[in-house]
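The values are calculated or read from the model by the stated rules, or taken from the named source; none is laboratory data. Computed from a predicted model, the values in this text were never measured in an experiment. Methodologically, a virtual Cβ is constructed for each residue, glycine included, from the backbone with ideal geometry; neighbour enumeration extends over all protein chains shown.
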Amino acid sequence: MADPGHTDPVTPSNVGALRIAMIGTRGVPAAFGGFETAVEEVGRRLVDRGHAVTVYCRSRNSAPGHLPPATVYLGMRLVHLPALRLGAFGPLSHTAFSVAHAATGSRPDAAFVFNSANAPFVPFLRRRGIPTTVHVDGLEWKRDKWGGTARRYYRWAEQQAVRWADALIADAPGIVDYYHAEFAIPTELIGYGTHLLQNSPATRLAELGLRPHGYHLVVARFEPENHVDVIIDGYRRSSAALPLVVVGSAPHPGAYARKITALAHDPRVRLLGRLWDQDQLDQLYAHSVSYLHGHSVGGTNPSLLRAMGARTAAIAWDVRFNRDVLGVYGAYFRDAGTLAALIEDAELNPHHTQEVSEALQRRAAALYNWGHVTDGYEDLARRLVSGYSTQGKSPGRTGRSPRRGRTGARPPSTAARGAL
């Protein structure tokens, strides 16, 4: 393997340092979700290894007199492009602009496109000789928040990812199994990482009226598949003495958000809304008695990993994704009554809760390391540049268009649903 610090100009035949594009997220600095965090953590490490990384970011409107957006962050080159105001489909316009930019001028040696919704743009990259990977995320078409049109689009886009991408990345074994069962296609299993918090200060808790190890915590968007309503209901049914702190909000106010607000009419429940201060959020994770996780759709969830890295006991919705992450050290629920008992147990058995917390942090250290995640991205990028493709031949080596084979037109199989 070439010296990671090599910075000479490269071509596809020189796989020392690579030019890598990351497309399809809001960009960095990361402030929103798992994809943005992965781009920041992986991108900065790829730069440290000598690669040239370009991250496409959504432009943000700024008031007159404000400084223009940064063009470099942690060594990554930032390209800011707009997104049209098209509701839920607005982000796709940003991806279209990003792909057009990447496919012209100084083209990257490899591109990582995040979210299968962006897969229909992959052919434009491949036809320009750019080997491309799609990080497929979870099964978006199963999310309750989407209407029929959006669900059909996500399902169709998933099929396009299989049809066009040189490689697919999944962050959870359940997603890998789904793509194998549905499309008979190999998928790269590359998870997320997390940061390990040791001796975290508690200086910011007083601002919220909290004390260390004096509350339970949930961090989630207010969406039906995250079951924040079930968590609040379960907590209210419990005899817990410590308050429940809820961090999050609804992307779009509606009936579900109103339901959560109504359930929170309990003096023990604290709705904090969204917290942007990451240091304060770290302290909330690190000093909670338990972290309550209701996410049921998607792969490896960054919030759950964050709790593990903060050495916090986790009580999670009982689906395969969460069991894959927590293993035998997790506690699991699917209804408010079960959750109520688990919350009570966390308070009544503090020594056991502490043992579980420490075991989860050790598991996070062993399995969810950003350095190892970066290894996976780097190895895949090198293989793509060297000609690897699930489509047979990578355009980065041959300049050919992908073959038109897999379409994945059939609906989800019973076996695939059972696996999830």
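Restricting to region 355-397, name every residue that is farther than 28 Å from residue 125 by Cβ, free of Cβ contacts under 8 Å to residues at least 40 places away in the same chain and of a type outside the set (A, V, I, L, M, F, W, C).
If the condition is that a residue be farther than 28 Å from residue 125 by Cβ, free of Cβ contacts under 8 Å to residues at least 40 places away in the same chain and of a type outside the set (A, V, I, L, M, F, W, C), then 355, 362 are the ones that fit.
Select from region 354-381 the residues that are in contact with a Lys or Arg (Cβ under 8 Å, 6 or more places away or on another chain), under 16 Å from residue 49 (Cα atoms) and surrounded by fewer than 18 Cβ atoms within 10 Å (Cβ to Cβ) and list them in ascending order.
Listed by number, the list holds a single entry, 371.
Just need a number here: residues in region 158-180 that are more than 25 Å from residue 370 (Cα to Cα) and free of Cβ contacts under 8 Å to residues at least 24 places away in the same chain.
Count: 1.
If the Cβ limit is 8 Å and pairs must be 6+ apart or interchain, which residue in region 90-101 that is over 17 Å from residue 150 (Cβ atoms) pairs with which residue that is in a helix (DSSP H, G or I)?
That search, which allows pairs on different chains as well, returns 96/121; 99/121; 99/124; 99/125; 100/124.
Can you tell me how many residues in region 216-259 are under 23 Å from the mean Cα position of the chain (by Cα), among the small types (Gly, Ala, Ser) and not in a loop (DSSP other than H, G, I, E, B)?
Of the residues in region 216-259, 1 are under 23 Å from the mean Cα position of the chain (by Cα), among the small types (Gly, Ala, Ser) and not in a loop (DSSP other than H, G, I, E, B).
Keeping to region 260-309, report how many residues are within 21 Å of residue 366 (Cα to Cα), within 18 Å of the chain's Cα centre (by Cα) and aliphatic (A, V, I, L, M).
Matching residues across region 260-309 total 4.
Can you find a residue in region 181-188 that is within 18 Å of the chain's Cα centre (by Cα), in contact (Cβ under 8 Å) with a residue 60 or more places away in the chain, over 19 Å from residue 248 (Cα atoms) and surrounded by 15 or more Cβ atoms within 10 Å (Cβ to Cβ)? If you could, list the steps in order and put the result at the bottom.
Let us first name the residues in region 181-188 that are within 18 Å of the chain's Cα centre (by Cα), namely 187-188.
Subsequent filtering for residues that are in contact (Cβ under 8 Å) with a residue 60 or more places away in the chain retains 188.
Now drop any that are not over 19 Å from residue 248 (Cα atoms), which leaves 188.
Narrowing the set further to residues that are surrounded by 15 or more Cβ atoms within 10 Å (Cβ to Cβ) leaves 188.
Yes, region 181-188 contains a residue that is within 18 Å of the chain's Cα centre (by Cα), in contact (Cβ under 8 Å) with a residue 60 or more places away in the chain, over 19 Å from residue 248 (Cα atoms) and surrounded by 15 or more Cβ atoms within 10 Å (Cβ to Cβ).
Being in a loop (DSSP other than H, G, I, E, B) and either of a type in the set (Gly, Ala, Ser) or at pLDDT 95 or above (or both) is the filter here; which residues of region 107-126 pass it?
Passing the criteria: 108, 109.
Taking residue 401, is it in contact with a Leu (Cβ under 7 Å, 6 or more places away or on another chain), of a type outside the set (A, V, I, L, M), at pLDDT below 95 and not assigned by TED's automatic domain parsing to the domain that holds residue 212?
no
For region 325-335, does any single residue satisfy the condition of being under 17 Å from the mean Cα position of the chain (by Cα) and at pLDDT 95 or above?
Yes, there is a match, as at least one residue in region 325-335 is under 17 Å from the mean Cα position of the chain (by Cα) and at pLDDT 95 or above.
Report the residue count in region 29-63 for those that are at pLDDT below 95 and part of a loop (DSSP other than H, G, I, E, B).
10
Test of understanding: among 213, 265, 180, 227, which residue is at negative phi and assigned by TED's automatic domain parsing to the domain that holds residue 317?
Answer to the selection: 265.
If the requirement is being buried (at least 20 other Cβ atoms within 10 Å of the Cβ), assigned by TED's automatic domain parsing to the domain that holds residue 341 and touching a Leu at 6+ places or on another chain (Cβ under 8 Å), which of these qualifies: 272, 284, 305?
Among 272, 284, 305, only 284 is buried (at least 20 other Cβ atoms within 10 Å of the Cβ), assigned by TED's automatic domain parsing to the domain that holds residue 341 and touching a Leu at 6+ places or on another chain (Cβ under 8 Å).
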